[in-house]
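K.L.:
Just passing along the structure, written as structure tokens.
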Amino acid sequence: MRSSLSYSPCSEGVDKKIFAKRWLRASGSRVNEILLWKFIDRSAAALDWLVGLSEGHATAVLCENRLINPEIGAFPGDYYLLPKGDKYASQGGELLCEILEDALTRLGGRIYAPVTADYLEKDASGRVVSFIATAAGGETCRFMGRKAVVLAAGDCGADEEMLDLLSPVSLKAGKNLSLNTGDGQKMAYWAGAELDGLYWAPNFGCEAYGPYAFFFTAVNKDGRRFSNEDTSEVARARHCMNQRGGDCAYTICDDKWFEELQAARGVAGGPAIMPEQGLTKAEIETMFGENMYKAETLAGLAMKIGVPADELEATAARVNELAAKGEDVDYGKRPELLTTIEKAPFYAFKWGPTLRCTYGGAVVDEDMKVNDPDDRPIPGLYAVGANMGGFFAVTYPSALAGSGFGSALTFGIEAAEAIAKE
Ligand SMILES: Cc1cc2nc3c(=O)[nH]c(=O)nc-3n(C[C@H](O)[C@H](O)[C@H](O)COP(=O)(O)OP(=O)(O)OC[C@H]3O[C@@H](n4cnc5c(N)ncnc54)[C@H](O)[C@@H]3O)c2cc1C
């Protein structure tokens, strides 16, 4: 199975103004529009550059399944990286890193890893000139920036104290996949940077417990339906978190679920909704493992997943009623995705909200130079990726998916070009 990591460029043929409008709407207009338009105008070139670096050993393909679902309104600028030939072993976001690493070493560069940057240093003039780091063996080393130091240490999702202060909703996800502890943001703050205002934008997914959430009926721990299941991954995660004990939910379906999934190909779509690569029923069940439950009766299924049997039976009865009617008057799910829960055995697939990243960082100017609270660049200091503020706000706009990697690469190139000119 391919992972779902993708990359978003605004390539030719997409309506840039609509992209900008959607981004501003999703972010509550709290982002820096200069950065937004830089991303819009330069991200396609950034992706071309990356694919070019692979020297013909990789390609980028459009994630078309995401475009199918009108409810999500996905944008046709969400690409997936695939290897060509056997030079590269990975796909998606991992391939992005593999291509960069390969090119860097090919061009004579050297990667020092694992090395943890601890703090920045300034010279007497106040310019950031170096950082002190700890190497794997525990030795301390100093890295001097020939022209500048670039902060690129990712988000702060693994630092509970930062989340509590800057993005408390991020703490509500059932699982946390972030590994970064906001070191770049902390170093920027020490150097006198202005940081993004409250609250930092969480990127939620639904990978916890199981990789797919499907469009079938989803119930909370009370056995009740709680939302339109046919929506974006971030929205599903949010709706789930709003439930009592919202670390997980269950997708309920019956014996015909796999055939219904196949039939919905071309109708359903969006991240984590459909098995993208023609997986078999057995493969999907294996992926869910112990998070897939099966029983001959709804009461038996309710007992297995720990929800009240009468509530689950009432939910199924209501869902069957809505399917017969052909209209979801409760939550407005598209008629083509309505189905019944009537044929034993019955299934429950456990899923839940995952925190992937929390976006918020140092306020930068249009060259990715880190600004102080008076909007003056701190000499010698740049920030990119999740260390850079001003690009994401409120939420990760999943309809404009791939923007995490997309912005990290695009703004990384922009910073490099600005530094080259210093
Ligand atoms: C499960 C999951 C799925 C995702 N799917 C997508 C997707 O499909 N498309 C998309 O665009 N985005 C996706 N994202 C988001 C994407 O991964 C991030 O937006 C992106 O990686 C941010 O790039 P970055 O360079 O800022 O940080 P990172 O990629 O996190 O890189 C930061 C690096 O800095 C290192 N580091 C941290 N602290 C230090 C330190 N003190 N010293 C030295 N090094 C340090 C880290 O080890 C890491 O290697 C996903 C994230 C997750 C977790």
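The values are calculated or read from the model by the stated rules, or taken from the named source; none is laboratory data. Predicted model only: the values in this text are computed from it and were never measured. Please note: Cβ atoms are built from the backbone with ideal geometry, for glycine as well, and neighbour counts cover all protein chains shown.
Per-residue answers, yes or no, for (1) over 26 Å from residue 343 (Cα atoms); (2) touching a helix residue (DSSP H, G or I) at 6+ places or on another chain (Cβ under 8 Å); (3) in a loop (DSSP other than H, G, I, E, B):
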{"residue": "207", "(1), (2), (3)": "yes, no, no"}
{"residue": "214", "(1), (2), (3)": "no, yes, yes"}
{"residue": "221", "(1), (2), (3)": "no, no, yes"}
{"residue": "228", "(1), (2), (3)": "no, no, yes"}
{"residue": "235", "(1), (2), (3)": "yes, yes, no"}
{"residue": "238", "(1), (2), (3)": "yes, no, no"}
{"residue": "243", "(1), (2), (3)": "yes, no, yes"}
{"residue": "246", "(1), (2), (3)": "yes, yes, yes"}
{"residue": "262", "(1), (2), (3)": "no, no, no"}
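K.L.:
Can you find even one residue in region 64-83 that is more than 21 Å from the chain's Cα centre (by Cα) and in contact (Cβ under 8 Å) with a residue 12 or more places away in the chain?
P.N.:
yes
K.L.:
Taking residue 367 and the conditions (1) assigned by TED's automatic domain parsing to the domain that holds residue 96; (2) over 28 Å from the mean Cα position of the chain (by Cα), which numbered condition does it fall short on, given that it satisfies the others?
P.N.:
Going through (1) assigned by TED's automatic domain parsing to the domain that holds residue 96; (2) over 28 Å from the mean Cα position of the chain (by Cα) one by one, residue 367 breaks only (2).
K.L.:
If I ask for residues that are more than 9 Å from the ligand (Cβ to nearest atom) and under 15 Å from the mean Cα position of the chain (by Cα), which ones from region 393-422 would you list?
P.N.:
393, 394, 395, 397, 398, 399, 400 - these are the residues of region 393-422 that are more than 9 Å from the ligand (Cβ to nearest atom) and under 15 Å from the mean Cα position of the chain (by Cα).
Conditions (1) of a type in the set (D, E, K, R); (2) not assigned by TED's automatic domain parsing to the domain that holds residue 347, marked per residue:
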site	(1), (2)
142	yes, yes
145	no, yes
151	no, yes
158	no, yes
172	yes, yes
189	no, yes
212	no, no
234	no, no
238	yes, no
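K.L.:
Does any residue of region 338-361 turn out to be buried (at least 21 other Cβ atoms within 10 Å of the Cβ), farther than 30 Å from residue 309 by Cβ and among the aliphatic types (A, V, I, L, M)?
P.N.:
Yes: region 338-361 contains one or more residues that are buried (at least 21 other Cβ atoms within 10 Å of the Cβ), farther than 30 Å from residue 309 by Cβ and among the aliphatic types (A, V, I, L, M).
K.L.:
Looking only at residues in region 45-79 that are crowded, with 17+ Cβ neighbours inside 10 Å and part of a strand (DSSP E or B), which one is nearest to the ligand (Cβ to nearest atom)?
P.N.:
Within region 45-79, the match that is nearest to the ligand (Cβ to nearest atom) is 79.
K.L.:
Also, I was wondering about something else. From the set of residues in region 211-228 that are surrounded by 23 or more Cβ atoms within 10 Å (Cβ to Cβ) and within 19 Å of the chain's Cα centre (by Cα), which is nearest to the ligand (Cβ to nearest atom)?
P.N.:
Applying the filter and picking the extreme gives 213.
K.L.:
Does residue 135 satisfy the criteria of being of a type outside the set (Ser, Thr, Tyr), closer than 21 Å to residue 410 by Cβ and touching a residue at least 12 places away in the same chain (Cβ under 8 Å)?
P.N.:
Numbers: of a type outside the set (Ser, Thr, Tyr): yes; closer than 21 Å to residue 410 by Cβ: no; touching a residue at least 12 places away in the same chain (Cβ under 8 Å): yes.
Against the criterion (of a type outside the set (Ser, Thr, Tyr), closer than 21 Å to residue 410 by Cβ and touching a residue at least 12 places away in the same chain (Cβ under 8 Å)), residue 135 does not qualify.
K.L.:
Now for a separate question. Could you give every pair whose Cβ atoms fall below 7 Å, whose first residue belongs to region 226-245 and is touching a residue at least 24 places away in the same chain (Cβ under 8 Å), and whose second residue is surrounded by 19 or more Cβ atoms within 10 Å (Cβ to Cβ) and of a type in the set (Phe, Trp, Tyr), counting only separations of at least 6 or pairs across chains?
P.N.:
229/215; 229/216; 230/215; 234/204; 234/396; 237/204; 238/204
K.L.:
Report, by residue number, each residue of region 283-323 that is surrounded by fewer than 17 Cβ atoms within 10 Å (Cβ to Cβ), within 19 Å of residue 228 (Cα to Cα) and out of contact with any Asp or Glu (no Cβ under 9 Å at 6 or more places or on another chain).
P.N.:
Hits for region 283-323 are 314, 317, 321.
For every residue, the table says whether it meets (1) free of Cβ contacts under 8 Å to residues at least 24 places away in the same chain; (2) within 27 Å of the chain's Cα centre (by Cα).
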| site | (1), (2) |
| --- | --- |
| 322 | yes, no |
| 359 | no, yes |
| 379 | no, no |
| 385 | no, yes |
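K.L.:
If you don't mind, another one. Among the residues of region 80-96, is there at least one that is near the ligand (Cβ under 10 Å from one of its atoms), in a strand (DSSP E or B) and at negative phi?
P.N.:
Yes, because at least one residue in region 80-96 is near the ligand (Cβ under 10 Å from one of its atoms), in a strand (DSSP E or B) and at negative phi.
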